[in-house]
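Visitor: Got a structure for you, written out below as structure tokens; questions coming shortly.
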Amino acid sequence: MKRTTMVFLGGLLLFSVLALSAAADDSSNVTVINDSNWVLVEFYMSPTSTDEWGPDQLGDQVIGTGDRFTLTGVPCETFDIQVIDEDGDECVMEEIDLCANNATWHVTNEELLGCQKETDDDDDD
């Protein structure tokens, strides 16, 4: 099952969708900007309706601090997104609607540390 206990709450404004102009094929470009102090080593996406994660979108690449990574041709759909940092910490954001021409996600220290704290709290239960 792809769901983990480290889920970003919808109230965290991590993902801002910029509706510039509708693409002819309803696909989107998704840019991940790493504004954290950690290297992002894995990036997964899957439709919310699917129980399994898709492939690692980074392949052999990583997103270093201050770097960006852009996926093109992302279908118009609602996705769950997971990133894993260099320490192996996982962060999941659920039900992200990608149906605009461009979407940008700034990954920050606050989000990554929030996931780590939530995981630690779940481990204490």
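The values are calculated or read from the model by the stated rules, or taken from the named source; none is laboratory data. What you see is a predicted model; the values in this text were computed from it and never measured. Cβ atoms come from the backbone with ideal geometry, glycine included; neighbour counts cover every protein chain shown.
Visitor: Does Asp87 satisfy being surrounded by fewer than 19 Cβ atoms within 10 Å (Cβ to Cβ) and either under 15 Å from Leu113 (Cα atoms) or modelled with pLDDT of 90 or more (or both)? Walk me through how you get there before you give the answer.
Guide: Details: surrounded by fewer than 19 Cβ atoms within 10 Å (Cβ to Cβ): yes; either under 15 Å from Leu113 (Cα atoms) or modelled with pLDDT of 90 or more (or both): yes.
Taking the combined requirement at face value, the residue satisfies it.
Residue by residue, here is whether (1) in a strand (DSSP E or B); (2) buried (at least 16 other Cβ atoms within 10 Å of the Cβ); (3) modelled with pLDDT of 75 or more; (4) more than 15 Å from the chain's Cα centre (by Cα) holds:
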residue	(1), (2), (3), (4)
Met1	no, no, no, yes
Val41	yes, yes, yes, no
Asp56	no, no, yes, no
Gln61	no, no, yes, yes
Gly73	yes, no, yes, yes
Trp105	yes, yes, yes, no
Glu111	no, yes, yes, no
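Visitor: Report yes if Phe69 is touching a residue at least 12 places away in the same chain (Cβ under 8 Å), assigned to a strand (DSSP E or B) and closer than 14 Å to Glu94 by Cα, otherwise no.
Guide: Numbers: touching a residue at least 12 places away in the same chain (Cβ under 8 Å): yes; assigned to a strand (DSSP E or B): yes; closer than 14 Å to Glu94 by Cα: no.
Here the answer is no, as Phe69 does not meet what is asked.
Visitor: Modelled with pLDDT under 85 and either in contact with a helix residue (DSSP H, G or I) (Cβ under 7 Å, 6 or more places away or on another chain) or surrounded by fewer than 16 Cβ atoms within 10 Å (Cβ to Cβ) (or both), is that true of Asp120? Outline the logic, then answer.
Guide: Numbers: modelled with pLDDT under 85: yes; either in contact with a helix residue (DSSP H, G or I) (Cβ under 7 Å, 6 or more places away or on another chain) or surrounded by fewer than 16 Cβ atoms within 10 Å (Cβ to Cβ) (or both): yes.
Answer is yes for this residue.
Visitor: Scan the range 8-27 and give yes if some residue there is part of a strand (DSSP E or B), closer than 15 Å to Leu112 by Cβ and modelled with pLDDT of 95 or more, otherwise no.
Guide: Of the residues in the range 8-27, the ones part of a strand (DSSP E or B) are 8, 15-18.
Now restrict to residues that are closer than 15 Å to Leu112 by Cβ: 8, 15.
Within this subset, residues satisfying the condition of being modelled with pLDDT of 95 or more are none.
Scanning the range 8-27, I find no residue that is part of a strand (DSSP E or B), closer than 15 Å to Leu112 by Cβ and modelled with pLDDT of 95 or more, so the answer is no.
Visitor: Which of the residues belonging to the range 82-105 are touching a residue at least 60 places away in the same chain (Cβ under 8 Å), of a type outside the set (Asp, Glu) and out of contact with any helix residue (DSSP H, G or I) (no Cβ under 9 Å at 6 or more places or on another chain)?
Guide: If the condition is that a residue be touching a residue at least 60 places away in the same chain (Cβ under 8 Å), of a type outside the set (Asp, Glu) and out of contact with any helix residue (DSSP H, G or I) (no Cβ under 9 Å at 6 or more places or on another chain), then Gln82, Ile96, Leu98, Cys99, Ala100, Asn101, Asn102, Ala103, Thr104, Trp105 are the ones that fit.
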